[in-house]
Amino acid sequence: MIVHMSQSATSEQIEQVTERIRALNRRPHVRRGERTVIGVPGLGDGGRQELEALRAAPGVESVRPPEHPYPLAGRLPGQGRTVVEAGGVRFGGGEVVVIAGPCSVESREQLSETARAVAAAGASMLRGGAYKPRTSPYDFQGLGLEALGLLREAGAETGLPVVTEVLSTEDVEVVAEFADVLQVGARNMQNFALLRRLASAPRPVLLKRGPSATVREWLLAAEYLLSGGNADVILCERGIKTFETETRNTLDLAGLALARELSHLPVIADPSHATGRRSLVPAASRAAVAAGADGLMVEVHPRPERALSDGPQSLDLEGFAALMRGLRAPLPPVARRAELKESYQEEAGELV
């Protein structure tokens, strides 16, 4: 159930309601905005006495069922967007956050060179894979703990907070020691054991959409994190599987915009995995930002042709700098209707 507090509810009244909810052995999830709402998982119509007691509490406007199947991830009418802060970087705060770095950490030299270059070009955070889930067991699987140390070293050198993927529940604690944001990869979006473990992790979680997942399934995966106590969740659209074979995946801009409409959580895009082609990454990046993305995650490598993973979709250092310059450039002006009409008439020989 969802407890809607009145606009005039005081902090003391909100605290009293949350204490009453805890006394019922429920965990309250408080969302503050223009007015405060409190999610109460497990409190249904069967507990009529409990419901009536909450409805009568001072400061409570109403108690009713959630409007979404994902009550904590869902956006309520009039509710603003949630801002998630990680390492001093704000997702959803109005500026486009750019996360950049190699698909895999391969060496100190490779990572340091990349980190310095993306920082100089204006990246907000450093990404890099320490543990790599690969389709083939014979492909490079990452440097593991060594890579985590290199990421922290490169982050400290450049001042960039670090994002890296967690593959299993056993890795959460150690990865959290080195990273500012814990990434759930597309293959693990519905790894519910991992989501439950990350719900209690002391770090924000970046949740990638699975390649065959609906927006509803994506938001329900976020619900696992939120209902378990981790309020700092960032959604990432990284392309879905369609009939198209010329690109690695299909960037679902409608899904990205819908996720921002249905949820209050920040939503970013991964144009590298969405396209699989470095030539398409700049256009896909601009399209995602135009669709409202709160950030981008871009794969960058100093020598993509030698990369141990995802070379064809990785930008080189100059390519990334050019991408950043393009993102800062103003959009071309939209032609006015009158000018278009005049142009069409001239082409048809009907100018009057």
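Read the figures in this text as sums done on the coordinates, not as results from a lab. Note that this is a predicted model, so its numbers are computed, not measured. Note that we place each Cβ from the backbone using ideal geometry, even for glycine, and neighbour counts take in every protein chain shown.
Ranked for footprinting exposure by Cβ neighbours inside 10 Å, fewest first, 153, 305 give 305, 153. Taking other residues whose beta carbon is less than 15 angstrom from the beta carbon of residue 146, and scoring Lys, Arg as +1 and Asp, Glu as -1, yields -2. Pairwise alpha-carbon distances in region 76-154 exceed 17 Å for 55% of all pairs.
Net charge in the neighbourhood of residue 95 (other residues with Cβ under 14 Å of its Cβ; Lys, Arg +1, Asp, Glu -1) is +1.
Each Cα pair under 8 Å and six or more residues apart adds its sequence gap; the mean of these over the residue count of region 241-317 is a relative contact order of 29 percent. With neighbours defined as other Cβ atoms within 10 Å of a residue's Cβ, the residues 301, 29, 273 order from fewest to most as 29, 273, 301. Sequence-ordered 3J(HN,Hα) estimates for region 57-62 from the Karplus curve with 6.51, -1.76 and 1.60 and θ = phi - 60° stand at 5, x, x, 8, 8, 7 Hz, glycine and proline given as x. Annotation: amide H-H contacts under 5 Å for residue 68 (H modelled 1.01 Å from N, sequence separation of 5 or more, or interchain): none.
Stick to Cα atoms and the Kirkwood definition of Rh, then tell me Rg/Rh for region 235-283.
Answer for region 235-283: 1.00.
The string of couplings for region 166-178 from the Karplus curve (6.51, -1.76, 1.60, θ = phi - 60°) is 10, 9, 9, 4, 5, 8, 4, 5, 6, 5, 5, 5, 10 Hz, one whole number per residue in order, with x for Gly and Pro.
Here region 84-328 yields Rg over Rh of 0.92, to two decimals, using C-alpha coordinates and the Kirkwood radius.
Considering the convex hull of the alpha carbon atoms of region 202-319, report its projected area averaged over all viewing directions, in nm², one decimal.
Mean projected area for region 202-319: 8.0 nm², to one decimal.
Only Cα pairs under 8 Å and 6+ residues apart enter the sum, and on that basis the relative contact order of region 2-64 stands at 49 percent. With contributions of -39500 (n - 2.57) from each DSSP H run of at least four residues, the per-residue ellipticity at 222 nm computed over the chain stands at -10500 deg cm²/dmol. Normalised by the number of residues in the chain, the average gap of Cα pairs under 8 Å and 6 or more apart makes the relative contact order 15 percent. Look at 103, 236 and count the other Cβ atoms within 10 Å of each Cβ; fewest to most, that gives 103, 236. Annotation: amide H of residue 57 has no partner in the under-5 Å range at sequence separation 5 or more or interchain, hydrogens built in the peptide plane. Stokes-Einstein, applied to the Kirkwood radius of region 2-64 over Cα pairs at a viscosity of 1.567 mPa s and 4 °C, places its translational diffusion at 114 µm² s⁻¹. Across region 4-152, counting alpha-carbon atoms alone, Rg and Dmax equal 22.9, 64 Å.
For residue 114, neighbours were defined as the other residues whose beta-carbon sits under 12 Å from its Cβ, and their charges (Lys and Arg +1, Asp and Glu -1) total -2. Under a 5 Å amide H cut-off, with hydrogens placed 1.01 Å from N, residue 142 pairs with 132 among residues at least 5 apart or on other chains.
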